[in-house]
Amino acid sequence: RAKQEGRGRLRFYEARMGVQVRERRRLEHDLRHAVERGQLRVVYQPQTRIDSGETVGFEALLRWHHPERGTVPPNLFIPISEETGSILGIGEWVLRETCREAASWEKPLRIAVNVSAVQLHAPGFSELVHEILFTTGLAPARLELEITETALIRDLPRALATLRRVKALGVRIAMDDFGTGYSSLSNLRAFPFDKIKIDASFTRAVDSSEQAATIVRTVLGLGRGLGLPVLAEGVETRGELAFLDAEACHEAQGYLFGRPAPIDTFRHLTTKAPRTAEDAA
Ligand code: C2E
Ligand code: MG
Ligand code: MG
Ligand code: MG
């Protein structure tokens, strides 16, 4: 009897695994057509200078609106698209879309775009960036590519060569999710970064954990020593902001300043100050 029950349970698990595999196949398949079917959208999240409170740029974050599943989060579909290679088409679409968008703003704010390891290691990446800047007319210095440490370690020499070529175009490079990867310190020294982004898991804990506060202080000290500005991700509370301000962190990004949203939500930030009543008259 126990044996029978055991077998039943096993069959149940097998069936569930089968469903998961089929689900995944479907997602893989649907992802391949997401760009041409117009199911991808970019939302934008402000990046704010802490000392002055002004918006200095936006991070572009990808959303997939699936006709049946609704919005699929990037942490689910980006890894799948990296495995199947569809990230190449998707990543190119995101870059082109965001550079075109940013080039249309009145204010020359920065646009930060996430780049996956697969894109970075694909042949012709720097040429693609060059072509997109040329086609959209965006000033290279306004584009910042966000790269995680895990993206680098696959093939360090190759990643380094690509980043150097991209930087030679005048594009900026930010190290994303700093503190969550493997070999942070040696990578920081070897790679031509322009900014460090402290991962939200540290920011979130500065109020409650002395360890997290110490880690954030240490990264800020590291940034100072290396001459790199630091941005804290995931800032949600005034307490976190006060801490970062007191520790002379340069920039912040998080729900406190704005959730990722369609760019129209932030139109007041991308346009120049409105004309006075006299001008309008
Ligand atoms: P990331 O680049 O580290 O982006 C920051 C994530 O934190 C975003 O999640 C953002 O919505 C979220 N976030 C921002 N402020 C707060 C806050 O105050 N509290 C909390 N709890 N979360 C906050 P999202 O949009 O779900 O993106 C997740 C990850 O997916 C990104 O992490 C990035 O690694 C990846 N991703 C997103 N868009 C793209 C893309 O276009 N290309 C590639 N390759 N990866 C992307
Ligand atoms: Mg990012
Ligand atoms: Mg991050
Ligand atoms: Mg992340």
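Å³ per residue of the Cα convex hull, for the stretch 63-103?
Measuring per residue, one finds 77 Å³ for the Cα hull of the stretch 63-103.
Over 21 Å, how big is the tail of the calculated P(r) for the stretch 89-174, in percent of all Cα pairs?
Tail of P(r) above 21 Å: 21 percent of Cα pairs.
Counting only heavy atoms of protein chains, what accessible area per residue, in Å², does the chain have with a probe of 1.4 Å?
Value for the chain: 53 Å² per residue.
Rounded to whole Å and ordered largest first, report the semi-axes of the equivalent ellipsoid of the stretch 20-89 derived from its Cα gyration tensor (root of 5λ).
30, 12, 11
May I ask for log10 I(q)/I(0) of the chain at q = 0.10 Å⁻¹, from a Debye sum over the Cα atoms as equal point scatterers with solvent left out?
Each listed q corresponds, in turn, to -0.60.
With springs only between Cα atoms under 10 Å apart, run a GNM on the chain and tell me which of 140, 46, 123 wobbles the most.
Comparing 140, 46, 123 in a Gaussian network model of the chain, the most mobile one is 123.
I need two numbers for the stretch 17-155: Rg to one decimal and Dmax as a whole number, Cα atoms only, in Å.
Considering the stretch 17-155 through its Cα atoms, Rg and Dmax are 16.2, 54 Å.
Between residue 25 and residue 7, how many nm apart are label points set 7 Å from Cα along the C-beta direction?
That separation, rounded to one decimal, is 2.7 nm.
Report the paramagnetic label zone for residue 121: residues of the stretch 85-103 whose backbone N is under 15 Å from a point 7 Å from Cα along the Cα-to-Cβ axis.
In the stretch 85-103, the label zone of residue 121 (backbone N under 15 Å from the point 7 Å along Cα→Cβ) covers 85-88.
Summing +1 for each Lys or Arg and -1 for each Asp or Glu, what net charge is found among the other residues whose Cβ lies under 14 Å from the Cβ of residue 151?
-3
If I histogram all Cα-Cα distances within the stretch 144-217 using bins 5 Å wide from 0, what percent of pairs lands in each bin?
All Cα pairs, binned at 5 Å, distribute as 3, 16, 25, 22, 15, 9, 6, 3, 0 percent.
Sorted by packing (mean other beta-carbon atoms within 10 Å per residue), highest first, where do 114-120, 225-231, 161-167 land?
Going by the mean number of other Cβ atoms within 10 Å, highest first, we get 114-120, 161-167, 225-231.
Give, as a single signed number, the net charge of other residues whose beta carbon lies under 14 Å from the beta carbon of residue 94, with Lys and Arg counted +1 and Asp and Glu -1.
With Lys, Arg at +1 and Asp, Glu at -1, the net is -3.
What is the helix-to-structure angle for 87-103, meaning the angle in degrees between its Cα long axis and the longest Cα principal axis of the chain, kept from 0 to 90 and rounded to the nearest 10?
On a 0 to 90 degree scale, this one is about 20.
Helix 74-84 versus the longest principal axis of the chain: what angle, 0 to 90°, nearest 10, using Cα atoms?
Tilt relative to the chain: about 70 degrees.
Please go through the stretch 185-281 and write out the chymotrypsin sites (Phe, Trp or Tyr not before Pro) that DSSP classes as loop and that have at most 14 other C-beta atoms within 10 Å.
Within the stretch 185-281, the qualifying chymotrypsin sites (Phe, Trp or Tyr not before Pro) (loop, at most 14 other Cβ atoms within 10 Å) are 255.
Note the per residue figure in Å³ for the convex hull of the C-alpha positions in the stretch 103-236.
Normalising the Cα hull of the stretch 103-236 by residue number yields 112 Å³.
Would you mind calculating the gained length between residue 222 and residue 158 on full extension (0.36 nm times residue separation, minus the Cα-Cα distance), in nm to one decimal?
Gain in length upon complete extension: 20.5 nm.
Please state the relative contact order of the stretch 61-115 as a whole percent: Cα pairs under 8 Å, 6+ residues apart?
Averaging sequence separation for qualifying contacts and normalising by length gives 26 percent for the stretch 61-115.
In whole percent, and with a 1.4 Å probe on the protein chains, what portion of the accessible area of the chain is carbon and sulfur?
53
Before anything else, pin down the relative contact order of the chain: Cα pairs under 8 Å, at least 6 apart, normalised by residue count, whole percent.
17
What are the extents of the Cα atoms of the stretch 170-281 along their three principal axes, in Å, largest first?
59, 38, 25
What number, in nm² with one decimal, is the all-direction average of the projected area of the convex hull of the alpha-carbon atoms of the stretch 180-227?
Reported value for the Cα convex hull: 3.4 nm².
The values are calculated or read from the model by the stated rules, or taken from the named source; none is laboratory data. Model, not experiment: these values are computed from the prediction. FYI the Cβ positions are ideal-geometry reconstructions off the backbone, even for glycines, and counts take in every protein chain you see. Areas reflect the complete protein model, heavy atoms only, side chains present, ligands, DNA and RNA absent. Shrake-Rupley method; radii C 1.70, N 1.55, O 1.52, S 1.80 Å.
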